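Have a look at the structure below, then the notes.
Rule-based calculations on the coordinates, nothing more; no lab input. Only a predicted model underlies this, so the values are computations on that prediction, with no experimental measurement involved. Every residue, glycine as well, gets a Cβ built from its backbone with ideal geometry; the counts of neighbours run over all protein chains shown.
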Amino acid sequence: MTAARVALCGVSKAFGGVVAVDAVNLELTAGEVLGLLGHNGAGKSTLVKMLSGADPCDRGEIRIDDQPVSIRTPRDARRLGIETIYQDLALADNLPVPANVFLGRERTTRFGRLDEAAMERATRDVLERLNPALSDLHRPVGQLSGGQRQSVAIARALLFEARVLIMDEPTAALGPQETGQVAEQIERLKGEGIAILLVSHDLHDVFDLSDRIAVLKNGRLVGHGPREALSRERVLEMIIAGSVVGGDLPPR
């Protein structure tokens, strides 16, 4: 049996007396989209922060390809191939596409100058895989559509060899056409074997884009299962009432 790309094994996180994530067991395999649902305060953001290195877990274990790992900082996460695309995308609107793709990790020549030609070539290469229609790389990203901006943020993750991609509300404030573009990009990423954790509060997006669905409530995993085995009504019941569907994954 193929090992999970990512396995969360009994991970917990508390802030003072408040338990934000409570003994969660969850797995994500290569080429799979796992949709994570829950109301505000359910623990979604804290779970993302533990995986991305922003807030190390207090207890439990994180495993990558069946090997235990320590994720104490965002640098640790990136070293393991975990990249996060937050809802605000963290783009500099006044800069062109290549400058955003390499933001904070710029390439330089042997003379210490920015190697703009190399960064543009690398950006074009990765966007050919992701969104070939985005060809004008010299426009400030503030002038791009919402779907194109998502492409830039995803390209930045891919360029640095992401193997696990955390996407926080990727279709928020996008219209139907742009949402469709994001869905196409996600399908391409799946085809490359990238594991995707899709974090959202939008039930429809999660059902449209995910292979499996998991629900958090009050920091606990209250249910999970393949998308085709779950109805929207049952998932909504899990979100609101915390009903268990399928049970938690067994501890490792």
Projected onto the charge dipole of region 16-162 (unit charges on the beta-carbon of Lys, Arg, Asp and Glu, signs +1, +1, -1, -1), the Cα from Leu114, Gly43, Leu127 with the largest positive-side position is that of Leu114
In the chain the DSSP beta bridges are antiparallel at a rate, in percent to nearest 5, of 55 percent
Computed about the Cα centre, the charge dipole of region 92-161 from +1 Lys/Arg and -1 Asp/Glu charges at the Cβ has a magnitude in debye, to the nearest 20, of 100 debye
By the Cα gyration tensor axes a ≥ b ≥ c (a/c under 1.5 gives rounded; else a/b larger than b/c gives prolate, otherwise oblate), the shape of region 141-207 is oblate
With a Förster distance of 45 angstrom and the Cβ-Cβ distance between Leu114 and Phe15, calculated FRET efficiency to the nearest 0.05 equals 0.65
Quick shape check on region 92-161: root eigenvalues a ≥ b ≥ c of the Cα gyration tensor, a/c under 1.5 is rounded, otherwise prolate if a/b tops b/c, else oblate, and it reads prolate
If Met119, Met167, Met238 are placed from fewest to most neighbouring beta carbons inside 10 Å, the sequence is Met119, Met238, Met167
Taking only the alpha-carbon positions of region 1-93 as identical scatterers, the Debye log10 I(q)/I(0) at q = 0.10, 0.20 Å⁻¹ comes out as -0.26, -1.05
One computes Rg over Rh for the chain from alpha-carbon atoms, with the Kirkwood Rh, and obtains 0.98
antiparallel share of DSSP beta bridges within region 141-252, to nearest 5, in %, is 50 percent
Any GluC sites (Glu not before Pro) in region 164-250 that lie in a DSSP loop and have at most 15 other Cβ atoms within 10 Å would be Glu192
GNM on the chain, Cα springs under 10 Å; top mean-square fluctuation among Ala20, Ala195, Ala133 goes to Ala133
